[in-house]
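Report on the following structure.
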Amino acid sequence: METMATTAFKEKAHRLIDSLPETADWDDLAEKARYLAAVQRGMEAADRGDFASPERVRAMFARWGVDVEG
């Protein structure tokens, strides 16, 4: 028996597949699915307020040798 969550997941999977070009292969599908999952996790983290402060971002860029004006 399918739940609403299962149905919603299958609908998203169908939309993802339908959005790919005709020339897409399994690697394209996996890459797109990973990308969309990462975006979703990022949005959920942002909704929780779980993101780097501007100071932390500047410090990270500085460690990478990137000059950032604040």
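Bear in mind these aren't lab numbers, they're just calculated from the coordinates by the rules spelled out. On a predicted model such as this, the values are computed, not experimentally measured, just so you know. Counting neighbours? That spans all protein chains shown, and the Cβs are built from the backbone with ideal geometry, glycine included.
Below are the figures for this structure:
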{"read-out": "12 Å beta-carbon shell around GLY42, net charge (K/R +1, D/E -1)", "value": "-1"}
{"read-out": "Helical contribution to [θ] at 222 nm, DSSP H n ≥ 4, -39,500 (n - 2.57), averaged over the chain, rounded to 500", "value": "-22500 deg cm²/dmol"}
{"read-out": "Candidates ARG34, ARG15, ARG56: whichever shows maximal mean-square fluctuation once the chain is modelled as a Gaussian network with Cα springs under 10 Å", "value": "ARG56"}
{"read-out": "Positive dipole terminus of region 24-70, leading residue within MET43, ALA30, ALA59 (C-beta point charges)", "value": "ALA59"}
{"read-out": "Nearest-20 debye value, the chain charge dipole, Cβ charges on Lys, Arg, Asp, Glu", "value": "300 debye"}
{"read-out": "Extension gain (nm, one decimal) between ALA38 and MET1, 0.36 nm per residue minus Cα-Cα", "value": "10.4 nm"}
{"read-out": "Ranked MET4, MET60, criterion: other C-beta atoms within 10 Å, fewest first", "value": "MET4, MET60"}
{"read-out": "Helix axis angle, 26-47 relative to the chain longest principal axis, alpha carbon, degrees", "value": "50 degrees"}
